[in-house]
Amino acid sequence: MEQLKTIGRELAMGSQGGFGQSKEFLDLVKSIGEARSKAEEDRIVLSEIDILKRRLLEPDVPKRKMKEYIIRLVYIEMLGHDASFGYIHAVKMTHDDNLLLKRTGYLAVTLFLNEDHDLIILIVNTIQKDLRSDNYLVVCAALNAICRLINEETIPAVLPQVVDLLNHQKEAVRKKAIMALHRFHRKSPSSVSHLISNFRKRLCDNDPGVMGATLCPLFDLISEDVTSYKDLVSSFVSILKQVTERRLPKSYDYHQMPAPFIQIKLLKIMALLGSGDKSASEIMYMVLGDLFRKCDSSTNIGNAILYECIRCISCILPNPKLLEAAAEAISKFLKSDSHNLKYMGIDGLGRLIKISPDIAEQHQLAVIDCLEDPDDTLKRKTFELLYKMTKSSNVEVIVDRMIDYMISINDNHYKTEIASRCVELAEQFAPSNQWFIQIMNKVFEHAGDLVNIKVAHNLMRLIAEGFGEDDDDADSKLRLSAVESYLQIISEPKLPSLFLQVISWVLGEYGTADGKYSASYISGKLCDVADAYSSDENVKGYAVSALMKIYAFEIASGRKVDVLPECQSLIEELLASHSTDLQQRAYELQALIALDARAVESIIPLDASCEDIEVDKDLSFLNGYIQQAIESGAQPYISERERSGMFETTDYHSQDHHEVPAHALRFEAYELPKPSMPTQASTELVPVPEPSYYSDPHQPIPTSLVSERESSEIKLRLDGVKQKWGRPSYQSTTSASSTPQQSTNGTTTHSDGGAGSSSSKPRTSYESKKPEIDPEKQRLAASLFGGSSSSRTDRKSSSGGHKPAKGTANKAASIPKETPIPVQPQPDLLDFGEPTDTTVTATDPFKELEGLLDSSSHDGGGSTDVMGLYSDAAPVTTTTSVDSLLSELSDSSKGNARTYQSQTSKGPNSKEALEKDALVRQMGVNPTSQNPTLFKDLLG
Amino acid sequence: MIKAVMMMNTQGKPRLAKFYDYLPVEKQQELIRGVFSVLCSRPENVSNFLEIDSLFGPDSRLVYKHYATLYFVLVFDGSENELAMLDLIQVLVETLDKCFSNVCELDIVFNYSKMHAVLDEIVFGGQVLETSSVEVMKAVEEISKLEAASNSISLVPKSVSGWRGR
């Protein structure tokens, strides 16, 4: 059947004039189409290359045949094989007078050659000639070719002709000439800078197509320099107006839409011109409003224009009416069944949310739907939106979601991006350090090799510094929890190197600090790490240093140290290591174990990673040694400044000073190889500002140990890194809300821990920490959203102010809100607890949500209507009644908050309920059956 | 700006590929393969958009459409509108349909140069030039007419060696 079809095609081909090809070519295509493997295809193509090579060398190839060979060359190059042996023939073909052959030649060279290819020089002349041709098709072919083949050097050769063509009688030629100039501008702006006025002139071309083509270069020019095109604002607006009023010829319509591509380009340009410019924006309001009214949202292209309007409105100075229209358009997009439109809707939402943060509220459901959608593109776009709308109140939910998604994907590129976003959000908005460490652990565990090393240093620094100079108790708790979590994780296979470095460092520094774990236990773990990752020198180095610290602390505290046999063998192995770094660490460790308590304590004091190490830059401790040396006849040290004052050189060895005359040229040439300097160890020759004490032969072990500490110290001192989990704001939360939290939370955590350890999963207790946050989060949600409508309104009014300063200012604004809440509304609501619990499950989820939306939208004056209470009560009841549920909740890593409702109604098994829920949603019955608090967490 | 136009069949064989910035052949192949592996893993009934920074550098998007045995793919940067690009694919397909009356994969393979002629009328140097399939058809037909005419005039070809000597 297929063959019959092919034969039919072949027959038809014969009648198709210039485009037909020979039987041979058809056979080639067919055999490649039927090739079953890449190898077979390669074999066919290679034999074809052989044939072509031979044919092309034949003396008298008829031109028609030659044309076909060249098409075949193009074809094999498209399949990924080198056809460079035939390039010259393609170049020759461009010289031909026959239009068909010339066009084929141009087609082939534009596909084959890059603009810097040697053969281009053979074409420039032809192009020049063709640009002057009487046949406009020849001119078009040449214009087409110059877009790809002309580089910066050859632009001047064709520029005059192209400029002449701007006035060509054919509009097709004018259009292409403008595009070609645009291309020149992209390649080398300076070469056409004197011609920019031409673009402005062509904007008034009486052919709309030419005008439309002019918009492309203007868009580029305006995005480079907005100010010099402000005068065109009114022209663009009036053009757009005329287009929308259908003043253009019918032939420019596309799907009943007048010149949509021109409209889109104009809107893009207007967005550039109107951003931050009041007067320009005001001119645009009218036409934008018209567009919203006229746009036909039933066609794809109509929606494209609508989206472009939304984008434009989000860029120019905001106008409330237009924002409303945009919001309406977005809700249409989001409600649509088409994934494409949903995507555009989410994108538009992300743009508008910067201007009016409340807009997301009404689309909570749609956003959640998109987040759960199987379409990856849509999901990613939604995560981008969530990233934009994260604040301290919803960071936990959002980051949890992001991490779940991060774990589920394999695409490293996107994994890196989402991991860095998680880290950024966690650093910016972390509600507690404990949470921060947990999030970091997850990020490291699942994307460890992809995150920046600075993130690791940051984490170590956080653990070392804690969150307050005064609160040592909390600090040590934090460290203990970090150590505990690491001890759990450490035995998992295949951890990323960076994460292991962090783990080793923390275990070394704080593993034994609390007295909970014995030194031998921790050191055993560290040895295991060094053993399991024996190919990773960094990890080994960190592990050995950690061992050293642990032994040092033991010795310093007066206990006897038993070096484990595996540790001993590790040290011995490393003593003979190829890596000098590892070797040195091993020697240092060996030496340290032999020292007494007092010496060790001064070398490695307990928990001193954050102390500043005083560096004696004058090296005064060497004075005695120097004195000795000078007395025994050594030359005194001459400082760098003195030396350079004498000899105008910077670093030259003292021996050279006498020989090297002031020979300027030579100095410059020889100055490069600096690194060889330190190898010549002599105290006089150390002009480097940072004294390197490891080269000091005086007291080898202790000082080098100090330098080791120093170097690990230097790694941690990340001066350039912003530490964003601001201390003051955090303390204000703890001081205000920690008391009620701890009283209830204390009990839940305990029962929780028990439940976690009873199940046999290796990571459960690590996982089971989640529920710890869970009730807290729900209370937070309750307090933030239902709590007092007055705080809502006041947030809205302040939202305009605090949104632009995203980081700390944002947090400062949101923190005060939560302070009064845990105390105030709770007692009333707890009374409500039991009854509402039942009513909530009984009510229709739709209604409940409606109630929620209602209370948020027009419940202005802090009234206490029943619906408002629902929204308060719902989350609170969970905290009272879910004690038993919590253990089950901990099973499902994902749906911590959203399952609560289905649980109360559908029985104890949360997983089952989740699945049911998913099934119901798949069938499209009601997407609202989810816990409203989640929406509020996300979208509040 | 549009960075690339590709057509490939559902087995990943490229049928037409045009990159508007020069790329070496190996890189082109790599990109085609990369795009195909992304496309074939997409389920049915999802959006036609992809963010594809991992292959084409930052801020690159891709719009694709699946017709019978062919994928039509446009790769472009942030200065274009996704929905509009989707319609551009539509324009291209409509035009091809008019060109070959009920276009199928074989037409595209066997009429390689005509395909490029059509594409060059729609996208020029990475910018959208013409979106009306009627106009594109007019231009292409004019080309074929003139080509046929010029062909018949010089039916007797000069020998290659003849013009090699110039």
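Throughout, read-outs are computed from the coordinates displayed, never taken from laboratory work. Note that this is a predicted model, so its numbers are computed, not measured. Glycine gets a Cβ as well: all are built from the backbone with ideal geometry, and neighbour counts include every protein chain shown.
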(message) Please list, by residue number, every one of the GluC sites (Glu not before Pro) in the stretch A:194-302 that is coil in DSSP and has at most 13 other beta-carbon atoms within 10 Å.
(response) A:245
(request) Can you tell me the dipole magnitude for the stretch A:314-461 around its Cα centre, using point charges on the Cβ only (Lys, Arg +1; Asp, Glu -1), in Debye to the nearest 20? (result) 420
(message) How shielded is B:73-86 by partner chains, expressed as the average number of their Cβ atoms within 10 Å of its Cβ atoms?
(response) 5
(message) As a footprinting exposure proxy, order A:593, A:398 by other Cβ within 10 Å, with the fewest listed first.
(response) A:593, A:398
(message) Taking θ = phi - 60°, what integer Hz values does the Karplus form 6.51 cos²θ - 1.76 cosθ + 1.60 yield along the stretch A:298-304, in sequence order, with x for Gly and Pro?
(response) 8, 9, 4, 6, x, 5, 4
(request) May I ask which residue of B:19, B:143, B:109 lies farthest towards the positive end of the charge dipole of the stretch B:2-154, with charges of +1 (Lys, Arg) and -1 (Asp, Glu) on Cβ and the Cα centre as origin? (result) B:109
(message) Taking the number of other C-beta atoms within 10 Å as the exposure measure, put A:136, A:510, A:625 in order starting with the fewest.
(response) A:625, A:136, A:510
(message) Through the Karplus equation 6.51 cos²θ - 1.76 cosθ + 1.60, θ set to phi - 60°, convert the phi angles of the stretch B:10-17 into ³J(HN,Hα) values in whole Hz; use x for Gly and Pro.
(response) 6, 9, x, 7, x, 10, 7, 9
(request) Please order A:432, A:133 by the number of other Cβ within 10 Å, starting at the fewest. (result) A:133, A:432
(request) Filter the trypsin sites (Lys or Arg not before Pro) in the stretch A:217-264 to those in DSSP coil with at most 15 other Cβ atoms within 10 Å of their Cβ, and list the result. (result) A:246, A:247
(request) Over the whole of B:138-150, what's the average partner chain Cβ count within 10 Å per residue? Rounded to a whole number, please. (result) 5
(message) Averaged across A:294-304, how many Cβ atoms of other chains sit within 10 Å of each residue's Cβ atom?
(response) 3
(request) Give me the net charge of residue B:138's neighbourhood, meaning all other residues with Cβ under 11 Å from the Cβ of residue B:138; Lys, Arg count +1, Asp, Glu -1. (result) -3
(message) Which three numbers, in whole Å and largest first, are the semi-axes of the equivalent ellipsoid of the stretch B:2-154 derived from its Cα gyration tensor as √(5λ)?
(response) 27, 16, 16
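By how many nm would the segment from residue A:630 to residue A:157 grow when fully extended, if each residue of separation counts as 0.36 nm and the alpha-carbon distance is taken off?
Full extension from residue A:630 to residue A:157 adds 162.9 nm.
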(request) Just add up the charged neighbours of residue A:246: K/R +1, D/E -1, any other residue whose Cβ is under 10 Å from the Cβ of residue A:246. (result) +1
(message) Under a crude label model (7 Å from the Cα following the beta-carbon direction), how far is residue A:534 from residue A:64 in nanometres?
(response) 7.4
(request) Report the charge-dipole magnitude of the stretch B:2-154 in Debye, nearest 20, computed about the Cα centre from +1 at each Lys and Arg Cβ and -1 at each Asp and Glu Cβ. (result) 440
(request) Lys and Arg at +1, Asp and Glu at -1: add these up for the other residues within a Cβ distance under 13 Å of residue A:87 and post the number. (result) -1
